[in-house]
Amino acid sequence: MAPKTPQWRGLADQIARDIEAGTAGYRPGDQLPQIRELVAQGKGSKTTVLAAYKALEAEGLVSMSRGHGTKVRQRPPHQIRQHQERYAWEKKLAKRTNEERRNDGVIDKDTGLDHDQIETHATFSVIPADADIAERFRVEPGTLMLHRQYWHSTSGDSTALSLIDSYLLHEVAARNPDLLDSSNEPWPGGTHHQLSTIGIEIDRIDDGIRTRLATQAEARKLGIPPGSAVMLLDKTSVSTGGDVVEYSHIVLPGERTELRYSVPLERWTE
């Protein structure tokens, strides 16, 4: 005989179904009934209802705030990153017309949103390479780097879709002063086109993917519950000359990011 579902779990599952269905009162931004209200309705004891709400918060469906009750979370769009297709498409974009590049981008592709629904936020600075960055670029620690910090959001929403720290060798980027100016972002055609303006073609991109729990600052910026899982994507772009020309460290919210790969395999000849 299967074990009986705890009352708090059954209540949490019912509320989750109402949220999924968009039932009135359970839509993004709606205030859920106060704990005492559900107790009065016979949904369970205070402990049961609180446990159900805490489970829903841990699952990313609601947010709980002392003095403000429990609300259904406003959730930014789900991202599907198909990296093999994504990177090839982005490289081709660099060769399209300026108008085409201005009206298309990989973030649009990942989220399925129109280009004008995405806002880009960028901050640039010049920093000395630490030991990790120096090793990645095969340069001496202290070498000056152009550090580019990006995050994207949907129009009118301050929640970041991802957090990106991108690095270029400063002396290389400085061959085109426009690359040093954050006011030129979003740059039509992205990094592929930026590097093409200084004669660099990206030959391959190496990805490393891992997970950990979000820091408090990351959770706040990404709009996810404290203690949520994030994906860490280390993306290294290598030129046709064999040099590392760009490195990005990307933090993605685990609850709304999906990575898809299709890997062609060489056929046997016998």
Handout entry: Some residue of segment 109-119 being of a type in the set (A, V, I, L, M), closer than 15 Å to LEU161 by Cβ and touching a residue at least 12 places away in the same chain (Cβ under 8 Å)
Key = yes
Exercise for the section: Could you list, in sequence order, all residues of segment 28-45 that are over 18 Å from SER65 (Cβ atoms) and touching a helix residue (DSSP H, G or I) at 6+ places or on another chain (Cβ under 8 Å)? Expected result: VAL39, LYS43, GLY44, SER45
Exercise for the section: Considering each residue of segment 68-84, count those that are surrounded by 13 or more Cβ atoms within 10 Å (Cβ to Cβ) and without any contact (Cβ under 8 Å) to a residue 40 or more places away in the chain, and give that number. Expected result: 2
Handout entry: Among the candidates SER65, SER45, residue that is surrounded by 12 or more Cβ atoms within 10 Å (Cβ to Cβ), hydroxyl-bearing (Ser, Thr, Tyr), out of contact with any Phe, Trp or Tyr (no Cβ under 6 Å at 6 or more places or on another chain) and over 26 Å from ASP207 (Cβ atoms)
Key = SER45
Practice task
Quickly run through segment 120-147 and pick out the residues that are open to solvent by less than 40 Å² (accessible area, probe 1.4 Å) and either without any contact (Cβ under 8 Å) to a residue 12 or more places away in the chain or charged (D, E, K, R) (or both).
Solution key: ALA134
Handout entry: Elements of type strands (runs of 3 or more DSSP E) in segment 120-229, at least 3 residues being more than 17 Å from the chain's Cα centre (by Cα) and under 27 Å from ARG256 (Cα atoms)
Key = 202-213
Completion exercise
Among the residues of segment 148-157, the number that are free of Cβ contacts under 8 Å to residues at least 40 places away in the same chain and not aromatic (Phe, Trp, Tyr) is 4
Problem - Hey, LEU169 touching a residue at least 60 places away in the same chain (Cβ under 8 Å), closer than 22 Å to ASP243 by Cβ and surrounded by 14 or more Cβ atoms within 10 Å (Cβ to Cβ) or not - result: yes
Practice task
State whether the residues of segment 15-36 include one that is in a helix (DSSP H, G or I) and in contact with a Ser or Thr (Cβ under 9 Å, 6 or more places away or on another chain).
Solution key: yes
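The values are calculated or read from the model by the stated rules, or taken from the named source; none is laboratory data. In this text, all values refer to a predicted model and were calculated from it rather than measured experimentally. Don't worry about glycine lacking a Cβ; one is built from the backbone with ideal geometry, like all the others, and counts go over all protein chains shown. For accessibility, only protein heavy atoms count, side chains too; no ligands or nucleic acids. Shrake-Rupley method; radii C 1.70, N 1.55, O 1.52, S 1.80 Å.
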